[in-house]
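Structure, as structure tokens:
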Amino acid sequence: MNAQAQSKTFQQFIPSMMGRADFISTFADIYEHSAWVAEQAWERGLSPVHDQVDGLHQLMADILLSSSRQAQLDLINAHPDLAGKAAIAGELTEASTSEQAGAGIHECSAEEFQRFTQLNDAYKSKFGFPFIKAVKGSNRFQILEAFEERIHNTPDEEFERALIEINKIALFRLEAM
């Protein structure tokens, strides 16, 4: 779908005209299991600038980036492991399932799943939260490569990177609406 078609699809919602309950229910899962971002967006007040994907994304991204470190960490931890147990068991959100499938993660060999498991475990052990990557446009080989590169970063670098990746994921989800 091209950008113009995506914008027209997004336009069906007209966020600035939505009531609180409809807005939150529509945008609650833009940030993984974190409806509080949509709640705060509505509470800050919506204007016609938020009726465009970029405008609403900027508002929501600003909310995440200005939140407490604990709120940010909670949102990071709301994300599933890539090719993790939840994916294998079919327990991901619809958006996460689609995103991981789009990257071909469901096509991993047994060895690749084992490598994802090893990297997930090592990453969480080092950083205390899951590896976050906006996987749209990537394949499983590129994701494994990013994993192997980023595991050498510092905890602060990875925390900041996780927030950047989460905001990319949110933009992709808004564009897909």
| Long-range amide H contacts for residue 139: which residues qualify at under 5 Å (H placed 1.01 Å from N, peptide plane, sequence gap of 5 or more or a different chain)? | none
| said: Test of understanding: what is the full-extension gain from residue 139 to residue 73, defined as 0.36 nm times their sequence separation minus their Cα-Cα distance? | reply: 21.1 nm
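We did not get these values from a lab; they are worked out from the coordinates using the rules stated. Keep in mind it's a predicted model, so treat the numbers as computed, not measured.
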